[in-house]
1. What is the distance, in nm, between label points placed 7 Å from the Cα along the Cα-to-Cβ direction at B:ARG36 and at B:SER227?
2. Compute the accessible area per residue over the protein assembly as shown, keeping the other protein chains in place, probe 1.4 Å, unit Å².
3. Compare the Cα positions of B:ALA248, B:PHE288, B:LEU300 along the charge dipole of the stretch B:133-304 (+1 at Cβ of Lys, Arg; -1 at Cβ of Asp, Glu; about the Cα centre) and return the one farthest towards the positive end.
4. B:ARG179 versus B:ALA199, label points 7 Å from Cα toward the beta carbon: distance in nm?
5. In whole Å, how far is the Cα centre of the stretch A:58-80 from that of the stretch A:1-37?
6. Given the options B:THR297, B:THR176, B:THR13, which has the most mean-square fluctuation in a GNM of chain B, springs set between C-alpha atoms less than 10 angstrom apart?
7. With charges only on Cβ, +1 for K and R and -1 for D and E, what is the dipole size of the protein assembly as shown about its Cα centre, in debye, rounded to 20?
8. Express the relative contact order of the stretch B:133-304 as a whole percentage, based on alpha carbon pairs under 8 Å and six or more residues apart in sequence.
Number of protein chains: 2
Amino acid sequence: MKGLALGVDLGGTNARAAVVDRATGEIVASHKEPLRERGPEAVVATVLHALGQAAGAAGIAPASAGRVGVGVAGQVLGATGVVMNAPNLGWRDVAFGTLLEKALGVPVRVANDLSVAAWGEKRFGAARGIEDVVLVFVGSGVGSGLILGGRLHDGAQGVAGELGHIKVRLPRPGFTPRRCGCGQLGCLEAYTSGVNVAARVREEIAAGAATRVLELVEGDLARVTASVVEEAHALGDAYAVALWDEVAELLGLSVANLVTLLNPARLILGGGVLLGAPRLADLTLRRFDEAVSRSATRGLTVERAWLGDDAGVIGAAVLE
Amino acid sequence: MKGLALGVDLGGTNARAAVVDRATGEIVASHKEPLRERGPEAVVATVLHALGQAAGAAGIAPASAGRVGVGVAGQVLGATGVVMNAPNLGWRDVAFGTLLEKALGVPVRVANDLSVAAWGEKRFGAARGIEDVVLVFVGSGVGSGLILGGRLHDGAQGVAGELGHIKVRLPRPGFTPRRCGCGQLGCLEAYTSGVNVAARVREEIAAGAATRVLELVEGDLARVTASVVEEAHALGDAYAVALWDEVAELLGLSVANLVTLLNPARLILGGGVLLGAPRLADLTLRRFDEAVSRSATRGLTVERAWLGDDAGVIGAAVLE
């Protein structure tokens, strides 16, 4: 029992629980449960059920693993377990850690999903044995997880690493930057996440932009994704070329500035957009190389994430 | 003896050594010695002399304090004591820590001057008892010092916190960003440090810009400084207003993004430009407020640096 730990990855549509071998990071058993309702009590019940199923499959009681770690797609006030803002769950200031702790009867540690993923990669993935690690994630959202001096850095309130919410466009007379899901204007995420790129392409096509994206989705705008823009880019479509140039510049510059500020030994790239759109990833790395401070790149290595969708549950299980 | 520590602040023109009370941070004795030559051996001799004078004034032997900490205005490879790049000293890859250690006979710890200043403020100044602290310095140069999780974060190579070298302008067809002292283009420092602001104003006046700066310096361009621009701003000079708007936007946005990424509990502002030009500082804080992620500002407090020019020697003396 001592060698096993329980972790939960709580997204917007599923709760996934896993029993993880503390020594190897191997997933011994796991269970994914859809979130039918999003009220905090309902989610606690779903998480309990998923934990029970995963633990049962591994032949242990959920409470026997001592402490449960949870990664949540949202802003988490680290020490308190309060989920400040989780747009996909529709939560604001939910004391999720306390609720789950009461229901489960063991201590619960809650952290942001990317912090947890970075910790998983540091313990068992693309950053094993490395003390200073930045994980950058570009998928449906944009964010980062920071391991500094061998420890998870989640900040004074637990919201460090919010790369998606640094500002990359400022309001000007006659220009209003795109609005982000967080409510603010001009965030990196508003310009570069999969969801926001797709929304922008739909808007621009609706407004008359000429692009082969439209024929690739056979006129069905609901099918527009970052992958389709990548396909259009491969066909030399001028609209896709210009869009990827802009997205790559914003991502490359932002990640370069993050590396210049933190001087990590390893940069890990993850998320469906970065890993699934090689042309965009290549352009982004070129912009990164141009913009990063040369002193911060001595000894820096760049790797793709190893653990994929498992990073969250693994990292959560072995959170410190 | 056990209660005293020795620190050195090594700038481009002086070496200042101080004997510091470990418990209170009080400077018991100090000595400032001009750097007559800048070769590494000559600087080691000057530092030794300054240490000897300061220690003598406090009635101790320099080697009796156990370990000596040194803050250097430049990029330092933390653990090794190698000064990678110190433009004011003209050094590249100088093994200063080892040289001083041999000469002194006690262990030496070398770090960047702003890292050391942040550590001083954390121990005895504007961030006492706070675990996550960002110190931003805008003076002749621009930089930051990072205290994360109660420890100095100087990064994998010791060059973390290089706020002055994040990129704020990118090359475009027909536009080349200003070149920074580090050799790269478009760094924050190239647009906002005292030295660079003054250089730009001189260039623009020489190129015909109309501004009351010229009458304030009585036609003597050598006397142009950020303070003079601040004076012109107070007179409503249109050139100064536009320049401060640009500088404040770049500084405010960059510091906001740093805070969004790291979620410190305290932001400390220091350096002659920020502290000596209240109109610029005020504009900068307004831009900061607009751009920072709201989640990162819960519980954030902003303070001016307390220790001023003493932060370096004090922080160096008590480096961990």
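The values are calculated or read from the model by the stated rules, or taken from the named source; none is laboratory data. Since this is a predicted model, take the numbers as computed values, not measurements. Neighbour counts are summed over all protein chains in view; Cβ atoms, including those assigned to glycine, are modelled from backbone coordinates with ideal geometry. SASA here: full protein model, heavy atoms, side chains in, ligands and nucleic acids out. Shrake-Rupley method; radii C 1.70, N 1.55, O 1.52, S 1.80 Å.
1. Taking the two extended label points, one gets 3.0 nm.
2. Using a 1.4 Å probe on heavy atoms only, each residue of the protein assembly as shown averages 38 Å².
3. Result: B:LEU300, furthest along the dipole toward the positive end.
4. 0.9
5. Each part's Cα centre sits 9 Å from the other's.
6. Result: B:THR176 has the largest fluctuation of those listed.
7. Dipole of the protein assembly as shown, to the nearest 20 debye: 840 debye.
8. After rounding, I find 24 percent.
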